[in-house]
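Structure record follows, encoded as structure tokens.
The values are calculated or read from the model by the stated rules, or taken from the named source; none is laboratory data. Please read all numbers here as calculations on a predicted model, not as lab measurements. Positions of Cβ are backbone-derived with ideal geometry, glycine not excepted, and every protein chain shown enters the neighbour counts.
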Amino acid sequence: MRRREILSLGVAVGAVPAARLLAAEMDAFPHDMALDPAFVPKPAPGGAPQVLTRDIDRRTITAVFDRFIPGDELGPSASAAGCVEFLDAQLAGPFGQGATLYRAGPKAVGEDALMQKPQFIATPRERYETGLRALEAYARRTHQGSFADLKPEQQDAILTGMEKGEIELAPEVNTRAFFELMLANAREGYFADPLYGGNKDMAGWKMIGFPGARYDYRLYADRTGEDLGLEPVSLVPKA
Amino acid sequence: MVSKRPKADVVVVGLGWSGSLMAEELTRAGLNVVAIDRGPWIDTSTHTPPAVDPDELRWGQRKEFLSPPRDNTVTFRNHAGQTAAPLRDYGIFELGRGVGGAGFHWAGMAWRFSPWDFEVRSRTIERYGRRKAEDGEMQLQDWGVTYDTLEPFYDQWERIAGISGKAGNIKGQIQPGGNPFEGPRARDYPTPKLKTLRIMELFNKATTDMGLHPFTIPCANISEPYTNPLGVSMGACTYCGFCLAYGCGNFSKSSPQACIFPVLVRRPNFKVITRSCVTKVNKSSDGKTVTGVTFIDENGHEWEQPADIVCLTAFQVDNVRILLNSGVGKTYDPKSGEGTIGRNFSFQTVSGTDMWFEDEHINPFIGTGGLGSQIDDYNGDNFDHSKLDFIGGAGILTLARDGAPIAKAAALPEGSPRWGSGFKKAYAKYYRNYGTIFNQGCSMPTRSATLDLDPTYRDKFGVPLLRLTYDYAQSDRNMAKFTMDRAVEIARAMGAAHVTGFNFADKAFSTAVIASDHVIGGAVMGDDPATSAVNPWLQSWDAHNLFVVGASAFPNNAGYNPTGTVGALAIRTAQAIHQTYVRNPARLA
Ligand SMILES: Cc1cc2nc3c(=O)[nH]c(=O)nc-3n(C[C@H](O)[C@H](O)[C@H](O)COP(=O)(O)OP(=O)(O)OC[C@H]3O[C@@H](n4cnc5c(N)ncnc54)[C@H](O)[C@@H]3O)c2cc1C
Ligand code: SF4
């Protein structure tokens, strides 16, 4: 075996310019060790809705979220805590686009049963579009009114039917999975860092006693079994 | 058209723990190493400083540190009669997205396997007779190395990683406070064990009262400042809790970045090519050796990297897929039992219990990725199986890491409302009063488990996806039930008011249901080329200059996490290459 001290690099043989490969080739630490600007978290934009642009969709999801997390003595409702804005921002980004999903077809018959979990080719954004419309149509069909205008008991009855798989909103909607998607996103909005538009004033964290984006518990770790009474902190810089 | 790069002594495919440990050994010995990784450069200061890291939505839920299924997924079925479907969303494959691999976002439980795990077949026959080992379903085989052979390499890995822990057995002398069941060690861990948090206090008391032997899990979340033998310094863990699925802003979680890159990347005889995916190993015309690898860069251009030695260190599934795609070795055929590539897939057989206390303050937000207490009384062959309908067992542990509020909103006592004011009330009460006992069980390969190439689904480069055909062995199912019952007893003894046992092995296996991330086998090691893809030095039986390193080499999985054993095997292989193989490039004996 021949030993060479240094590999001659970048002497790329071929039609492609060497610079292309060199961009990804490293022979020491990168010069710039500062936080990659592309990696700084982007606060939810606020302002006009980007995905939930139809008033009726926003009214429906607000009503659903507020049945999931109503306002009461333990804290604000989901919508008061910003969960609808949170959802809109999420749907406008990579999550909504299903950017991480493997979406190649065919979707096989029996795929969900095999996986023991629904698998989707549709993106979450598409699922909200069809799901919210189907939910509204269902409310009109069965209760002659918009979902958002129904009495809380009626809303709960529909949501419970969706949760248990006892009702089907429309053939193109996996109703149970749509329920779970909305519930998961409501919880995310209520318990994620306020950076993303929900969990306003860290209300979700205060409710359960989670101290938030703290990074050092060495002072507290020995005080086992105590109520430490720690106020939460978030990633949003203090104004 | 394919462009050709200058030849290297060694090409390392994938720069996780396996690849960086090998590259470090090999470059220190003077060889020129080119590493190729599918992902981008990722590091602590650039990607996960404390101002960015504690973000559950981003890292815990959206899993931004994982390689997306869009790029890397598998298809799956339980048995050969079914049509496999692709795993479309995240599941049990929580692969690394960049350099460092899963070693950047892993939890950090830092185990050695027990002596029994390396010799399941012969030791089971020895103690219980042939019928127990050959039940018609399991396909047990020894590894071709013993614990004693690996001990110095485990030791070396623990020094590089700075592992925190308390030894239980030093040279045969049982040590108070450690794990009395572990294999003998030459010396204690390099850093002391981590703190004992509330859930661990409850577990330690209950299990001690029951006559069991709790100890603190050895962790790659290190307890005090440490400088490793390569001269790299790490800081003390701050128990931030943003650990499993996160990077570490404090340089406290051992990773290739924290422990190896600072010296490796500065060596003039080391280069790394990022964002470039290796699709196959190239065979020589005589078929006895390989000539290098083919990869595709981020612009979709195809390259050849020639090398005298090829090390596949691309993680278990990727190693197997590259081998199958390259036509190196013969694909395993479950009907005839012939062929070795794709043989002996196994997983991790998990059960346990959730538990909720009244009026406790578990403070689950204080924790580290690997921290917890464990008993090994029901692990491996540490208890008598003669009257039991299984072999093996599980590490039974409680975790001090679990305070992520989005994830834990689903962990409420049975019967609690999942939404509405009732949910809020239950969560406000139980968030700080929740704990879990997790049985990390062994997993035995079966004859029918296989990995091959999917006939239908392909990745973005048009390369067939790997197809997994697998279901739990009955022995493992019985083991999971047995250990679940033990976990429930412990939870009750801990004083939990609500106890709900769980057992992933009471239904069919699915890649979409995350019980663990530990996928094992497919290019397994052994003494016999008829039943193993690589020899005990992880050298391919079919091409002597090809080494296949990682959990793909394990013929079965133990009741522990795999990385300590991956690390020990990688170091051993690298030393065999530079001490022996380069002088006489032939099959190592
Ligand atoms: C969430 C999580 C928690 C875990 N916790 C623990 C734990 O507590 N204890 C423990 O022991 N283990 C744990 N593990 C397992 C541990 O992370 C792995 O065992 C370990 O990282 C394997 O190292 P590796 O180098 O073999 O593979 P990896 O870390 O996966 O590295 C492989 C590298 O190869 C690259 N690669 C893959 N394919 C290609 C290709 N075709 N071309 C080029 N590059 C490629 C990848 O980008 C990656 O960088 C955990 C894993 C996960 C996902
Ligand atoms: S718990 Fe410790 S090791 Fe884990 S990320 Fe936090 S500081 Fe790092």
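List, please: which pairs have Cβ atoms under 6 Å, are six or more places apart or on different chains, and start with a residue in the stretch A:17-39 that is under 24 Å from B:HIS301 (Cβ atoms) and end with one that is modelled with pLDDT of 70 or more and part of a helix (DSSP H, G or I)?
Sorted first by the residue in the stretch A:17-39, then by its partner, the list stays empty.
Mind counting the residues in the stretch B:38-54 that are under 11 Å from B:GLY247 (Cα atoms), facing another protein chain (nearest Cβ under 9 Å) and either in contact with a Pro (Cβ under 7 Å, 6 or more places away or on another chain) or within 11 Å of ligand 1 (Cβ to nearest atom) (or both)?
Going through the stretch B:38-54 one residue at a time, the tally reaches 1.
Within the stretch B:223-232, take every residue that is in a loop (DSSP other than H, G, I, E, B) and farther than 17 Å from B:TYR154 by Cα and give me the one that is nearest to ligand 2 (Cβ to nearest atom).
Looking at the filtered set, the residue picked out is B:SER223.
List pairs: first in the stretch B:228-250 and on the phi < 0 side of the Ramachandran plot and away from ligand 1 (no atom under 15 Å from the Cβ), second in a loop (DSSP other than H, G, I, E, B) and among the acidic types (Asp, Glu), Cβ under 6 Å, 6+ apart or cross-chain?
Once the first residue is on the phi < 0 side of the Ramachandran plot and away from ligand 1 (no atom under 15 Å from the Cβ) and sits in the stretch B:228-250, its partners that are in a loop (DSSP other than H, G, I, E, B) and among the acidic types (Asp, Glu) give B:ALA236/B:GLU224; B:THR238/A:ASP216; B:GLY249/B:ASP53.
Determine whether A:TYR102 is of a type in the set (Ser, Thr, Tyr), away from chain B (no Cβ under 14 Å) and more than 16 Å from the chain's Cα centre (by Cα). Please lay out each step first, then the result.
Details: of a type in the set (Ser, Thr, Tyr): yes; away from chain B (no Cβ under 14 Å): no; more than 16 Å from the chain's Cα centre (by Cα): yes.
No: the conditions fail for A:TYR102.
Pairs only if they're at least six apart or on different chains, beta carbon under 8 angstrom, first in the stretch B:514-528 and under 17 Å from B:LYS63 (Cα atoms), second of a type in the set (Ser, Thr, Tyr) and in a loop (DSSP other than H, G, I, E, B); list them, first residue then second.
Listed pairs, sorted by first residue: B:ILE514/B:TYR90.
Can you tell me which residues in the stretch B:109-139 are among the hydrophobic types (A, V, I, L, M, F, W, C) and touching a residue at least 12 places away in the same chain (Cβ under 8 Å)? Outline the logic, then answer.
Taking the stretch B:109-139 as the starting set, the residues that turn out to be among the hydrophobic types (A, V, I, L, M, F, W, C) are B:109-111, B:113, B:116, B:118, B:120, B:125, B:133, B:138.
Correct list: B:MET109, B:ALA110, B:TRP111, B:PHE113, B:TRP116, B:PHE118, B:VAL120, B:ALA133, B:MET138.
Kindly list the number of the only condition in (1) modelled with pLDDT under 70; (2) touching a helix residue (DSSP H, G or I) at 6+ places or on another chain (Cβ under 9 Å) that fails for A:ASP72.
With (1) modelled with pLDDT under 70; (2) touching a helix residue (DSSP H, G or I) at 6+ places or on another chain (Cβ under 9 Å) applied to A:ASP72, the lone miss is (1).
Could you check the stretch B:409-431 and list, in sequence order, the residues that are within 13 Å of chain A (Cβ to nearest Cβ), out of contact with any strand residue (DSSP E or B) (no Cβ under 6 Å at 6 or more places or on another chain) and surrounded by fewer than 21 Cβ atoms within 10 Å (Cβ to Cβ)?
Pass one, the stretch B:409-431, residues within 13 Å of chain A (Cβ to nearest Cβ): B:409-412, B:417-431.
If we keep only those that are out of contact with any strand residue (DSSP E or B) (no Cβ under 6 Å at 6 or more places or on another chain) as well, we get B:409-410, B:412, B:417-420, B:422-429, B:431.
Across the stretch B:409-431, the qualifying residues are B:ALA410, B:PRO417, B:ARG418, B:GLY420, B:GLY422, B:PHE423, B:LYS425, B:ALA426, B:ALA428, B:LYS429.
Filter the stretch A:191-239 down to the residues that are more than 9 Å from chain B (Cβ to nearest Cβ), in contact with a Gly (Cβ under 9 Å, 6 or more places away or on another chain) and of a type in the set (Lys, Arg) and list them by number.
Passing the criteria: A:LYS200, A:LYS206.
Please verify whether the stretch A:52-73 includes one or more residues that are among the polar types (S, T, N, Q) and closer than 25 Å to B:PHE65 by Cα.
As a first pass, look at the stretch A:52-73 and keep what is among the polar types (S, T, N, Q): A:53, A:60, A:62.
Still in the running and closer than 25 Å to B:PHE65 by Cα: none.
No, the stretch A:52-73 has no match at all.
If B:ASN584 passes every condition in (1) more than 11 Å from ligand 1 (Cβ to nearest atom); (2) in a loop (DSSP other than H, G, I, E, B); (3) more than 14 Å from chain A (Cβ to nearest Cβ) but one, which one does it miss?
Of the numbered conditions (1) more than 11 Å from ligand 1 (Cβ to nearest atom); (2) in a loop (DSSP other than H, G, I, E, B); (3) more than 14 Å from chain A (Cβ to nearest Cβ), the odd one out for B:ASN584 is (3).
Any residue in the stretch B:78-87 that is of a type outside the set (Phe, Trp, Tyr), crowded, with 23+ Cβ neighbours inside 10 Å, within 16 Å of ligand 2 (Cβ to nearest atom) and within 7 Å of chain A (Cβ to nearest Cβ)? Don't jump to the end; show me each part of the working.
We begin by selecting, within the stretch B:78-87, every residue of a type outside the set (Phe, Trp, Tyr); these are B:78-87.
Among the residues that remain, those that are also crowded, with 23+ Cβ neighbours inside 10 Å are: B:84-87.
Narrowing further to those that are within 16 Å of ligand 2 (Cβ to nearest atom): none.
No, every residue in the stretch B:78-87 fails to be of a type outside the set (Phe, Trp, Tyr), crowded, with 23+ Cβ neighbours inside 10 Å, within 16 Å of ligand 2 (Cβ to nearest atom) and within 7 Å of chain A (Cβ to nearest Cβ).
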